[in-house]
Amino acid sequence: MERALMGDKDGQLQGTGAQETPPADTPDAAWDAGDHAGPGVEIASLRFLRRLVTGLTAVMIAGMVILIALFVTRFPSNDTALPDAITLPDGTTATAFTVGSGWYAVVTGDDRILIYDRNTGDLRQTVRIKTETD
């Protein structure tokens, strides 16, 4: 319901009296009747909401700190020592490289896997890959 308001000589707003007052069960009527907290007094539901938001913020910050700590401590460092140089047989080009325990392998463009000893760099084994045309 709308109420008409007029200012008096002191600048206070007052109802004109032409409108009927809302029933007591409406929020405006309860506010006008003085059932509200004054300045500086916190309503219980707002206090709960403030504490809830503060708690959720603290939980989010703690979660981010835990995630960052897990990323730093759980990801292994790169301890794999790569060979300085690999000597491939004449006419071959490398298309892939992989490392195992004690060996490393090079896949060549002519469908072979060359397995080298990690310590000495000597060729241990050559594996021919069968293709659909073979």
- Query: Which pairs have Cβ atoms under 6 Å, sit 6 or more apart or on different chains, and link a residue in segment 88-99 that is under 12 Å from TYR116 (Cα atoms) to one that is exposed (fewer than 12 other Cβ atoms within 10 Å of the Cβ)?
  - Reply: VAL99/THR80
- The condition of being among the acidic types (Asp, Glu), modelled with pLDDT of 75 or more and open to solvent by 90 Å² or more (accessible area, probe 1.4 Å) holds, among ASP35, ASP90, ASP25, ASP117, only for ASP90
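Matching residues to (1) in a loop (DSSP other than H, G, I, E, B); (2) modelled with pLDDT of 55 or more; (3) open to solvent by 90 Å² or more (accessible area, probe 1.4 Å):
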| site | (1), (2), (3) |
| --- | --- |
| PRO39 | yes, yes, yes |
| PHE48 | no, yes, yes |
| ALA62 | no, yes, no |
| PHE71 | no, yes, yes |
| PRO76 | yes, yes, yes |
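The values are calculated or read from the model by the stated rules, or taken from the named source; none is laboratory data. Note that this is a predicted model, so its numbers are computed, not measured. Every residue, glycine among them, receives a Cβ derived from its backbone with ideal geometry; neighbour counts consider all protein chains shown. Quick note on the areas: whole protein, heavy atoms, side chains included, nothing else; ligands and nucleic acids left out. Shrake-Rupley method; radii C 1.70, N 1.55, O 1.52, S 1.80 Å.
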